[in-house]
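J.: Got a structure for you, written out below as structure tokens; questions coming shortly.
The values are calculated or read from the model by the stated rules, or taken from the named source; none is laboratory data. If you're wondering where the values come from, they're calculated on a predicted model, not measured in any experiment. Positions of Cβ are generated from backbone atoms using ideal geometry, with glycine treated the same way; all protein chains shown enter the neighbour counts. The protein model used for the area step is the full one, side chains on, heavy atoms only, and it has no ligands, DNA or RNA in it. Shrake-Rupley method; radii C 1.70, N 1.55, O 1.52, S 1.80 Å.
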Amino acid sequence: MLDYRRFKEINDLFAAGQPEKARHLLMELQSRCIALRDEMERLKVQIRTLEDVLYLSKNLSRENGFYWLQTPGVRQGPFCPQCYDTVGALIRLEKTACALSCPYCGQRHALPQPAGAHTGNDRMARIIPFSR
Ligand SMILES: [Zn+2]
């Protein structure tokens, strides 16, 4: 916290004909102002980081092993689960011919089944015997 009474002290020192003492006190205040500005910048970054964490906790979900981010009107993703779980980075997976690949860690994942897709046995034809 900056002590504003110090400015009056500086003024009084100048008025009393003690410019060196006033200049010394002024340099102390300048140093304190710089430290306060640095602390304010650090706190702003901390607030921004916490806002990002809060936003992600509300809008990030995990489905079928992949992360998805809900933004206004658009669902973003899928994002690499390895990168988010280890370093907290949201890296969008790139679709290749037969897999999803992470451009950062290189991990490859099988393509997720589209919603409503049939898997394996339920698509097989059922054999109905002819009646006689
Ligand atoms: Zn990755």
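J.: Restricting attention to the range 80-105, which residues are more than 8 Å from the ligand (Cβ to nearest atom), open to solvent by 20 Å² or more (accessible area, probe 1.4 Å) and aliphatic (A, V, I, L, M)?
T.: Across the range 80-105, the qualifying residues are Val87, Leu90, Ala97.
J.: Another question about this same structure. Within the range 106-132, which residues are at pLDDT 90 or above and open to solvent by less than 60 Å² (accessible area, probe 1.4 Å)? Walk me through how you get there before you give the answer.
T.: Of the range 106-132, the ones at pLDDT 90 or above are 106-108.
Selection gives Gly106 alone.
J.: Based on this model, can you work out whether Phe79 counts as of a type in the set (Phe, Trp, Tyr) and more than 16 Å from the chain's Cα centre (by Cα)?
T.: Details: of a type in the set (Phe, Trp, Tyr): yes; more than 16 Å from the chain's Cα centre (by Cα): no.
Here the answer is no, as Phe79 does not meet what is asked.
J.: Pick out the one residue from Leu25, Leu36 that is open to solvent by less than 90 Å² (accessible area, probe 1.4 Å) and in contact (Cβ under 8 Å) with a residue 24 or more places away in the chain.
T.: Details: Leu25 fails: in contact (Cβ under 8 Å) with a residue 24 or more places away in the chain.
Only one candidate qualifies: Leu36.
J.: Give the residues of the range 65-74 that are in contact (Cβ under 8 Å) with a residue 24 or more places away in the chain and surrounded by 12 or more Cβ atoms within 10 Å (Cβ to Cβ), sorted by residue number.
T.: First, pick out the residues of the range 65-74 that are in contact (Cβ under 8 Å) with a residue 24 or more places away in the chain: 65-66.
Matches in the range 65-74: Phe66 only.
J.: Oh, and also: Within the range 61-74, track down each residue that is in contact with a helix residue (DSSP H, G or I) (Cβ under 8 Å, 6 or more places away or on another chain) and outside any strand (DSSP E or B). Walk me through it before giving the result.
T.: Looking only at the range 61-74, we keep the residues that are in contact with a helix residue (DSSP H, G or I) (Cβ under 8 Å, 6 or more places away or on another chain), and these are 62, 65-67, 69-71.
If the condition is that a residue be in contact with a helix residue (DSSP H, G or I) (Cβ under 8 Å, 6 or more places away or on another chain) and outside any strand (DSSP E or B), then Gly65 is the only one that fits.
J.: For the range 10-32, enumerate the residues that are in contact with a helix residue (DSSP H, G or I) (Cβ under 6 Å, 6 or more places away or on another chain) and of a type in the set (D, E, K, R).
T.: Taking the range 10-32 and keeping what is in contact with a helix residue (DSSP H, G or I) (Cβ under 6 Å, 6 or more places away or on another chain), we get 10, 13-14, 21-22, 25-26, 29.
Of everything in the range 10-32, just one residue is in contact with a helix residue (DSSP H, G or I) (Cβ under 6 Å, 6 or more places away or on another chain) and of a type in the set (D, E, K, R), namely Lys21.
J.: Related question: Against the condition assigned to a loop (DSSP other than H, G, I, E, B) and open to solvent by less than 60 Å² (accessible area, probe 1.4 Å), how does Gly77 come out, does it pass?
T.: Values: assigned to a loop (DSSP other than H, G, I, E, B): no; open to solvent by less than 60 Å² (accessible area, probe 1.4 Å): yes.
Taking the combined requirement at face value, the residue does not satisfy it.
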